[in-house]
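*Asks:* Can you read through this structure? Questions will come right after.
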Amino acid sequence: MKKRYLLAAFLMAGFSKTFAQKTEQIKLITLDPGHFHAALVQKNMFPNVSSEVKVYAPQGKDLDMHLARINGYNTRAQNPTAWKEILYTSPDFFEKMVQEKAGNVVVMAGNNKKKTEYIKKAIDAGFNVLADKPMVIDPQNFDMLKAAFESAKKQGVLLYDIMTERSEITTMLQREFSMDASVFGTLQKGTPDNPAVTKESVHHFWKYVSGSVLTRPAWFMDVAQQGEGIVDVNTHLVDLIQWECFPEQIIDYKKEIKVNSAKRWATDMTLAQFKDITQLEQFPDYLKKDVKGDVLKVYSNGEINYTIRGVHAKASVTWAYKAPEGGGDTHYSIMRGTKSNLVIRQGAEQKYQPVLYIEPAKNVPDFEQKLTKAVEKVAQKFPGISIQKNEKGWELVIPDKYKDGHEAHFGLVAQRYMQYLKDGKLPVWEVPNMLAKYYTTTEALKLAQKSK
């Protein structure tokens with residue numbers, strides 16, 4: 001373990017130039033903002049961040065929707081923002097961004113087809129990059145992402161992806177309790193049929209964002225541009241498995257990860273449903289390759305079964321068209337310990353809100369007493385949490401102040417990233433583990449496509 005940390009420290013030495021030595025103020029650049037996540041990074045203002053944001057993008061609906069969202073934040077009644085968006089919309093927008101160097105942090109959240117290429121070129125040009133997931137959507141470009149991190153080390157800049165789910169309170173608490181051996185014991189190894197760690201995510205094409213129905217760009221349904229589900233949303237799940245099971249430890253993907261099986265399948269979308277979320281009358285030509293009759297086949301679903309340091313894990317994502325009444329995107333997660341299981345459920349019984357349960361194994365002496373002490377310890381970090389007994393064990397009772405919602409997590413990630421910029425470096429485990437994560441997802445896609 002010590003060798004891993006020393007190796008990572010050596011690898012990260014190139015990031016030691018502090019951001020403060022280069023500039024005292026962060027100036028954001030938004031590149032081709034095709035995804036609503038680009039706007040969510042700017043939902044609130046930040047100290048030491050210029051209110052002027054240079055936007056380089058082609059003209060079109062993607063840009064119009066992005067500017068409308070920023071305007072909504074600027075004009076809202078409570079806590080309005082004061083962003084000033086400065087546009088460059090000619091076809092050479094990327095080259096102009098590199099030439100002008102109008103900012104020092106490039107935010108990328110949009111069409112993923114060229115994202116890895118854009119990341120590499122932006123890093124080579126000396127920009128810091130905060131990129132929405134996924135940073136790579138196919139195995140062919142994994143080496144380009146590796147090269148981007150190597151270039152970032154040489155340039156003394158920081159490349160980081162937006163992992164919002166680390167800020168979700170039940171996930172944070174699941175991680176905290178998994179590190180308490182008196183309650184959790186040690187992480188089991190599991191089997192392919194009964195993994196030690198399972199994370200399942202259900203998403204929906206039709207959804208509300210910032211109070212209104214989200215209009216999706218048509219390319220979002222094209223896996224050649226958005227990426228298949230197995231390399232898209234699954235990025236979050238694989239990240240959480242690493243982050244929770246091996247906190248702040250370096251994962252060597254070449255030696256410690258093995259993808260055992262993977263599969264992919266399509267969500268069917270009718271033309272009427274497509275119209276409802278895109279406001280378009282017909283499927284664009286680039287989607288016709290995926291249209292069977294009057295139904296669009298979107299390969300947004302995927303499952304990965306793999307081992308990480310010998311621990312069996314499963315990550316799967318499913319996309320439905322629309323959530324049930326009162327529901328939304330949902331998450332299921334279980335970590336199996338030798339003394340208890342830590343389970344997050346988010347179904348109808350939980351009113352579609354995530355709830356963390358602690359369910360003890362049989363014959364664990366004085367478990368309730370140990371759990372009470374563990375809760376008191378965790379409550380020092382998260383004041384107000386408590387437990388409530390149920391038939392299977394205990395439910396964590398979490399104060400509403402911690403339930404800030406998915407949209408707020410983008411700001412929290414941005415704040416962390418800005419602190420890393422101030423420090424001039426990322427934590428030593430972040431870059432190796434980003435590579436491990438994207439190795440897992442791209443290798444799984446390769447295997448799933450072979451198995452179809």
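The values are calculated or read from the model by the stated rules, or taken from the named source; none is laboratory data. Everything numeric in this text was worked out from a predicted model, so none of it was measured. Neighbour counts are summed over all protein chains in view; Cβ atoms, including those assigned to glycine, are modelled from backbone coordinates with ideal geometry. Accessible surface areas use protein heavy atoms only, side chains included; no ligands, DNA or RNA. Shrake-Rupley method; radii C 1.70, N 1.55, O 1.52, S 1.80 Å.
*Asks:* Residues to consider are Asn79, Asn71, Asn44; find the one that is at positive phi and out of contact with any strand residue (DSSP E or B) (no Cβ under 7 Å at 6 or more places or on another chain).
*Replies:* Details: Asn71 fails: at positive phi; Asn44 fails: at positive phi.
Selected residue: Asn79, the only one of Asn79, Asn71, Asn44 that is at positive phi and out of contact with any strand residue (DSSP E or B) (no Cβ under 7 Å at 6 or more places or on another chain).
*Asks:* Quick one: is Lys2 more than 25 Å from the chain's Cα centre (by Cα), of a type outside the set (Gly, Ala, Ser) and modelled with pLDDT under 95?
*Replies:* yes
*Asks:* Still on this structure, please answer the following. Output the residue which, of all residues in region 407-437 that are at pLDDT 95 or above and farther than 17 Å from Leu158 by Cα, is surrounded by the most Cβ atoms within 10 Å (Cβ to Cβ).
*Replies:* Checked region 407-437; the qualifying residue surrounded by the most Cβ atoms within 10 Å (Cβ to Cβ) is Lys437.
*Asks:* May I pose another question? Cβ-Cβ distance below 9 Å, separation of 6 or more or different chains: which pairs start in region 292-313 with a residue that is without any contact (Cβ under 8 Å) to a residue 60 or more places away in the chain and end on one that is charged (D, E, K, R) and open to solvent by 30 Å² or more (accessible area, probe 1.4 Å)?
*Replies:* These pairs meet every condition: Lys292/Asp268; Val295/Asp268; Lys297/Asp268; Thr307/Lys189; Thr307/Lys258.
*Asks:* Only one of these is charged (D, E, K, R) and either touching a Gly at 6+ places or on another chain (Cβ under 6 Å) or without any contact (Cβ under 8 Å) to a residue 24 or more places away in the chain (or both): Asp180, Asp193, Asp161. Name it.
*Replies:* Going through Asp180, Asp193, Asp161 in turn, the sole match is Asp193.
*Asks:* Only one of these is touching a strand residue (DSSP E or B) at 6+ places or on another chain (Cβ under 7 Å) and under 29 Å from Val233 (Cα atoms): Ser386, Ser340. Name it.
*Replies:* Within the list Ser386, Ser340, the selection yields Ser340.
*Asks:* Are any residues in region 126-150 on the phi < 0 side of the Ramachandran plot and open to solvent by 20 Å² or more (accessible area, probe 1.4 Å), and if so, which ones?
*Replies:* Correct list: Asp138, Pro139, Gln140, Asn141, Asp143, Met144, Lys146, Ala147, Glu150.
*Asks:* Of everything in region 117-137, what is under 10 Å from Ala152 (Cα atoms) and among the basic types (Lys, Arg)? Give them in sequence order.
*Replies:* Answer for region 117-137, where residues must be under 10 Å from Ala152 (Cα atoms) and among the basic types (Lys, Arg): just Lys120.
*Asks:* Please give the number of the condition Gln174 fails out of (1) in contact (Cβ under 8 Å) with a residue 24 or more places away in the chain; (2) surrounded by 23 or more Cβ atoms within 10 Å (Cβ to Cβ); (3) more than 26 Å from Glu368 (Cα to Cα).
*Replies:* With respect to (1) in contact (Cβ under 8 Å) with a residue 24 or more places away in the chain; (2) surrounded by 23 or more Cβ atoms within 10 Å (Cβ to Cβ); (3) more than 26 Å from Glu368 (Cα to Cα), Gln174 is out only on (3).
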